[in-house]
Amino acid sequence: EMCLGFAALGEASDGLMRKRDLKPGQRLILTKPLGTGVLLAADMRGQCKGRWVDAALQSMMQLNHKSADCARKHKATACTDVTGFGLIGHL
């Protein structure tokens, strides 16, 4: 089984948002669909339709700058990426 990982290094500019800055009563906004990991796991077992995998890959390739711009415009105070641990692992 092939395994691949990436890391990115850099400096954050002003306006860095962290999930610890989330406040009670704020809304959760998802900018991409959940479940890509489940789809890819199903695909590795031959139990996923090709069009589902294609849609997941297209979503994964979309850049997040529009979501970041929207968050700044609406004065969001917190954010996180929901990868690896699913939604519950990030709350």
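The values are calculated or read from the model by the stated rules, or taken from the named source; none is laboratory data. Everything numeric in this text was worked out from a predicted model, so none of it was measured. Cβ: placed from backbone, ideal geometry, glycine included. Neighbour counts: every protein chain shown. Heavy atoms of the whole protein, side chains included, go into the accessibility calculation; ligands, DNA and RNA do not. Shrake-Rupley method; radii C 1.70, N 1.55, O 1.52, S 1.80 Å.
Does region 4-12 contain at least one residue that is among the charged types (D, E, K, R) and surrounded by 10 or more Cβ atoms within 10 Å (Cβ to Cβ)? The answer is no, given that none of the residues of region 4-12 is among the charged types (D, E, K, R) and surrounded by 10 or more Cβ atoms within 10 Å (Cβ to Cβ). The conditions of being over 21 Å from Q62 (Cβ atoms) and modelled with pLDDT of 90 or more are met by Q47. In region 19-62, the residue that is farthest from C79 (Cα to Cα) out of those that are open to solvent by less than 60 Å² (accessible area, probe 1.4 Å) and part of a loop (DSSP other than H, G, I, E, B) is C48.
Are any residues in region 63-84 charged (D, E, K, R), open to solvent by less than 100 Å² (accessible area, probe 1.4 Å) and not in a loop (DSSP other than H, G, I, E, B), and if so, which ones? Before you say what the answer is, go through the steps one by one.
Going through region 63-84, the residues charged (D, E, K, R) turn out to be 66, 69, 72-73, 75, 81.
Next, only the ones that are open to solvent by less than 100 Å² (accessible area, probe 1.4 Å) stay: 69, 81.
Of everything in region 63-84, just one residue is charged (D, E, K, R), open to solvent by less than 100 Å² (accessible area, probe 1.4 Å) and not in a loop (DSSP other than H, G, I, E, B), namely D69.
Quick one: which residue in G89, G15 is surrounded by fewer than 13 Cβ atoms within 10 Å (Cβ to Cβ), at pLDDT below 85 and not in a loop (DSSP other than H, G, I, E, B)? Please lay out each step first, then the result.
Details: G15 fails: not in a loop (DSSP other than H, G, I, E, B).
The conditions single out G89.
Only one of the numbered conditions (1) within 14 Å of V82 (Cβ to Cβ); (2) of a type in the set (A, V, I, L, M, F, W, C); (3) touching a residue at least 40 places away in the same chain (Cβ under 8 Å) is violated by M60, and that is (3).
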